[in-house]
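Here is the structure we will look at, set down as structure tokens.
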């Protein structure tokens, strides 16, 4: 009974917040609702025994996505009233509601009739984990069994950054992204932006480091580091470098490039792309992760910093 | 307990996907559509989580394969959100409006006049 | 023990839920901004309790991440909240700032 | 197909084909500025070589190429597989990218005196990214990797739409992005449901495991609807016309010729490889029915466009419809399964001929714009004298699409007609014939305007860069000659005859005559005609023009966001019910 | 030893839960934004502190114990800061529409 309550509370709250976020009239409350939603999802992932996922959600869902959305909602506030007037007709809303209901119904039926016992690759994943040298099966999936997906994921992120940059006005190309934030150097924001990042960076590196054997990893660590960087940006303590900086470009591509290079090492030593030679799996995985972590942190930070707006001097 | 807890989350996921789809279709504000996309996305991810949890075995709390896919999925969804929000803000800066309703084709800035009959073609600007 | 911990976690979550109802109702955006604080403390408490109950030590790492990112998010929210003016902390370079609601 | 989880000779070419373009992206980004274009050129050369190597390796093998990444075989790992259709697409995409790359060299050169400029730098990154993603789509044997590939393709495609940064293109890009994201999230939903049922995402392993059931049908319906949204099959096309018409020509060529083919290809994988015995004929009839509607709407509305680029964009809408006609014809009634056979080959052939022809046509439109300073169809007179090669390119591209011997579209149509005949689905024959007439109508319309003598006081036409003309022409010729090359593949050569034989010539002339009549009836504005003819035409147009306007009105309605959203779910629901009803 | 630790945990966590209750009651019952903020930040942070205290005897390893304390300190720090920032936002809102 108690156990059920513990399980039910976040589940129902998440549903309620999802409804709130979707239906509340104004956008700002919706984004606040979404922030709460993201934080609660973290609890849900723990309940579902997905601690690695919980870490990712805590970092991305609430934190970075929250910043992205709230900034946009503040900027777009003036457009809201006009946009509301364009609500589709009642008939369309009704049709949409019925169809969405059908989708939910179909999915609910599917959930209730999922096969039992559930098919699972857990046994296989554990059976082959020894040669990868890592202790966390999720890391084994991400860095060995399905390393290709992870490589492509880092390219997806890079491509998103290219997309964000592509939105720069021509005159600002090569310049600095986003506005330059100023804040009172003795104010609260500046204070916390000085205190939090050192702690955050240590935590980020720690989360990255334990990833091989415990929940954690490069992505989660990188997100925390990126968030800390963004904090110092918001407090006006630092500025984004112009996107034309060569070192920055190199740092951005270093992660995926090293990943591919290690894949080619596999070709040379074992004859197979992305394979690790016997006994070398763990060091090579670490090499990839060490190269990816700064690239990911920088990419994430820059994606959030936005398109270049200020022409380089 | 695995099954009941997971099933509850599965049903919540089904609900979230429906709610999010409704928001995506009906809410006229692009930012809210992006939010709704994230709600759908998290519903799908929850479903992944449920599938992973049900596949728990050998002392693992869940099937690591869907959990790993989930992490990749969250990253991809975040990238998509970031790109969409940036396009939206840029659209607002450039045009002062954010509506997606007008489907004025990008290059047809001149009136379409039928030379054969001399009458203007039907207006095709959707509302 | 673990039953107790789960019960405590459930209780804290229930409190968070009640608080959320109040906070999200507003009327001011300042009220809504408290959501981050509410979850930052309540959500973390529930996580720690739940993690201890199921005996998973790595949940502590999740809480740590959540503490950092919740702090980050609350600060970002107060900085960009629609009511935020160009006061001492929220000032941005006016020449570069396109905020729609700038006074 | 028996799951084969060991690497075959030549398999190593597959990861190479995927990663080479992405390595080009990384190198271009790091080196930046002026180097981006050179990096792209080098990558294109290498990629083309890799594509040819894959083709020859596949021919030598006589079977699919397989590569097991990292040595981890499915279900735990990921296998890359290139069967015949994948190899054909890889080669076709490589050729089209090469053509577009040569064309874009002029348009996206970094201006003098600038270290790095936005569009010239990014275009090359995006072009390569599209290429890598498409190769991944073609060879990935894993449904989740396909999801990542789809997203890569979207992320590369969206910035191409708004490369010039104008407000309306940004709106088009946002519509495209958000709708495409809705599509991919539905696809991902299906992926979860399949994994929940079968515990694997490997296509070859799934095929023998899938069984009828609510979960599988839900998954298939969601995935299909999501993919159709990304392909912009009617009525899920709200984003396509403004996005494809608004982008710079070299980008439109990529989007129209290539990007939409990615999600189309995954529909094939789903229906023919993942669950060939599950989808059933009724769902396939619906799919082809949507295709037929796309042909009708796309072609008629294309005829009513005043701008060349919009006309070509709507033509893409119609041609996408063509691609889906093959599904019911690929259904083998005896076994109740979809089979790899002539119908599928026809579909792929159609996709390739459209890719080559449409790229050429958009490039020609770009050249027209350069020459005239506008692309108003009514004012194209005189262009034929100023840049005859451009006009020739457009006409060749158009003729290739019309399905005249020896084009790929001709061969595809023959194969489909034979399949329709063989399975007694005569109605698709009439759709195919009507479609050919409709295609002809807008090609004739534009060609007639291009070939007109300019008025005495017409502004002079500028000349255009020769390499660009040649690149476009080469692609148009590829499309036109595709039928010849395809007979070396799995297609019986008996389908090709002498294009000047009385029967063929007669058919061609009939098509052109029919198309001309349609153009006269629906085109807006009406091309100038002799007075007598004009009187007849305008009398008939009293009926046809309002009809066209009605179609245009319906199209405008369907392209409203909420309507398109509802359509997306309706399509999913319809597929779900039809699949269910079949068993 | 273990029994003592358990009793300590029960008491500390129970007290922590009580403070969460108090915070929520304050949120629900207090009349204006500033007092609600006061109730939230004070009571919940104390509640979390007590929960951390109650869990400390059960963690294995010094590192995990330290992490728990750091979590609490982080929440305190961000609570103090964000609390201030929220209060300013509330004050500005008050200035814009003063209570009738």
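Bear in mind that the values in this text are calculations on the coordinates, not laboratory data. The structure displayed is predicted, hence computed values, not measured ones. As a convention, Cβ positions derive from the backbone with ideal geometry for all residues, glycine included, and neighbour counts pool all protein chains shown.
Starting from one equal scatterer on each C-alpha and no solvent at all, send me the Debye-based log10 I(q)/I(0) for the stretch D:318-473 at q = 0.11, 0.16, 0.18, 0.20 Å⁻¹, two decimals. Each listed q corresponds, in turn, to -0.50, -0.83, -0.97, -1.11. Based on the Kirkwood approach, the hydrodynamic radius assigned to the stretch D:46-135 is 15.2 Å, with every pair of different Cα atoms included. Shown here is the pair-distance distribution of chain D: with all Cα-Cα distances grouped in 10 Å bins from zero up to the longest one, the shares run 4, 18, 30, 28, 15, 5, 1, 0 percent.
Rg over Rh for the stretch B:2-95 works out to 1.11, both radii taken from alpha-carbon positions and Rh defined as the Kirkwood radius.
Averaged over the residues of D:154-162, the number of partner chain Cβ atoms lying within 10 Å of the residue Cβ comes to 6.
Ranked by the mean number of other Cβ atoms within 10 Å per residue, highest first, peptides D:94-104, A:264-274 order as D:94-104, A:264-274. By the equivalent-ellipsoid construction on the alpha carbon gyration tensor, the stretch D:396-455 comes out with semi-axes of 29, 12, 5 Å, ordered largest to smallest. Classify chain A as rounded, prolate or oblate from the Cα gyration tensor: take a ≥ b ≥ c as the square roots of its eigenvalues, call it rounded if a/c is under 1.5, otherwise prolate when a/b beats b/c and oblate if not. Cα axes put chain A in the oblate bin. Compactness check for the protein assembly as shown: Cα Rg over 2.2 N^0.38 Å is 0.91. Averaged over peptide A:220-229, the number of partner chain Cβ atoms lying within 10 Å of each residue's Cβ comes to 3.
The separation of the stretch D:306-332 from the stretch B:67-101, counted between C-alpha centres, amounts to 29 Å. Computed from Cα atoms, the angle from the helix E:2-29 axis to the main principal axis of chain E rounds to 10 degrees. One quarter of the convex hull surface built on the alpha carbon atoms of the stretch D:200-243 amounts to 4.2 nm², the projected area averaged over directions. Normalised by residue count, the stretch A:16-100 yields a Cα convex hull volume of 99 Å³ per residue.
For A:102, D:478, D:372, the sequence from fewest to most other C-beta atoms within 10 Å is A:102, D:372, D:478.
Per-residue packing, averaged as other Cβ atoms within 10 Å, sorts the ranges D:554-566, A:27-39, D:117-129 into the order A:27-39, D:117-129, D:554-566, beginning with the highest.
I'd like the distance separating the alpha-carbon centroids of the stretch A:180-212 and the stretch D:463-477, in whole Å. Result: 56 Å between the Cα centres.
With the highest mean first, a sort of the peptides A:251-263, A:45-57, D:305-317 on other beta-carbon atoms found within 10 angstrom per residue produces A:45-57, D:305-317, A:251-263. Shape class of the stretch D:161-280 from the alpha-carbon gyration tensor: prolate, with a/c at 1.5 or above and a/b greater than b/c. Beyond 19 Å, the tail of the calculated P(r) for the stretch E:1-51 holds 34 percent of the Cα pairs. Dividing the Cα radius of gyration of the stretch C:2-80 by its Kirkwood radius returns 1.04 for Rg/Rh. Residues D:374, D:340, arranged from fewest to most other Cβ atoms within 10 angstrom of their Cβ, appear as D:374, D:340. Determine the shape class of the stretch D:226-368: with a ≥ b ≥ c the square roots of the Cα gyration tensor eigenvalues, call it rounded for a/c under 1.5, and otherwise prolate if a/b is greater than b/c, oblate otherwise. Since a/c reaches 1.5 and a/b is larger than b/c, the shape of the stretch D:226-368 is classed as prolate. All Cα-Cα separations within chain E were binned at 5 Å from zero, giving a P(r) of 3, 13, 17, 18, 16, 11, 8, 6, 4, 2, 1, 0, each value a whole percent of the pairs. Legend: mean number of C-beta atoms from other chains within 10 angstrom of residue C-beta atoms, peptide A:84-90, equals 5. The Rg/Rh ratio of the stretch B:1-44, with both radii computed over alpha carbons and Rh defined as the Kirkwood radius, is 1.15. Between the stretch D:205-264 and the stretch A:82-148, what is the C-alpha centre distance in whole Å? Taking the Cα centre of the stretch A:82-148 as reference, the centre of the stretch D:205-264 is 20 Å away.
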